[in-house]
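Take a look at the structure set out below.
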Amino acid sequence: MARNSGTPAWIWIGCGCLLAVLLLVGVLGGLGFAGFSWLRGAVDDMADPAAREAKALEVLGAEALPEGYGVQAVFGLPWVMELVVLSDSEARPEAVGESFEERVESLENLMVRADRLGDYLFIYLKVRGRGDESLESILSGERTASGANVDLALDFRVTEELGAGDLDIAGHPVRYETRRGYLQATGGGEEGIWAAVRFECPDEVHDGLWFRRIDPPAEAPLEMDLRGTPADPAALTEFLSQFDVCR
C-alpha cells in the first residue's frame, strides 16, 4: 500500500490496513497523543504472534486455544469493542519492520482473506451498547447502535436456516442460530455452515460466530451428517466451553 509521508500513520491505518477495521479515525482524532500511544501498543500486539496469542487468550478467558486453531487477529478499542479472529489456516507470520510505519504496512498481510480462512473460523466480538443488529450484518460493516463500525470486509449470504436454541456455557445462557450459506471475504468466498451465538453475560452481550467450510457437489442439495458441525448443539457446546467470556 502506498504511503503518504505527510499523513499521520493512524489515518491510513484507519483506511484499511489494520484488518479493515474502519472505526479508528473518528475516535483517535479526539484522543491525540494518548490515542496514538494506545494504537502503537495495538500494532505491537498484532505484529508479534506470541503477544497476539496471549492477548486473545485474555480476551476469550481461555487457558489455551482450541486444538488446531491459531490467532489470525486480535484488536481492541478501549470502551468500545474487542475482536478476536481464530482459524485453522496457516499461522500468520510476524509483522516485521524497524519503524512503527513499517510494522503497520506489514500488517496488511493479516487481513481476513478468503484464501486464509481455512476450514474452520471463529470470530469473537464485543461491542458496547450494541443494538439488535445481527452479528452477520455487523461483521459486514453495518453501524451498530453505539455508532461503532466493525468492517471486516466479510459478507454472509444465507441459503438455509438450520436451527436455533439455547445453551448453558460456564453458567451463562447462550442463544444460537445456525445457518448454511456463503461467506464472502476479500479475494473470494466459501460455502459453509455457521452458528451465530450471543453470550448473555450479566453486564452486556458478547457475540461469536463459528464457521465450518463445506464442499458438497455443486449440483446436488446439501445432504450431510450435521454431527460435529456448528449446527450440532453438542459440538457447539463443546467448542464454546473452551471460553469464559463472561468471567
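Every number here is computed from the coordinates shown, using simple stated rules; none is lab data. All values reported here derive from a predicted model rather than from experimental measurement. Ideal geometry is used to build each Cβ from the backbone, glycine not excepted, and the neighbour counts take in all protein chains shown.
Annotation for HIS172 and GLU142: the two label points, set 7 Å from Cα along the Cα-Cβ direction, are 2.3 nm apart. Remark: the SER241-CYS201 segment gains 13.0 nm on full extension, using 0.36 nm per residue and subtracting the alpha carbon distance.
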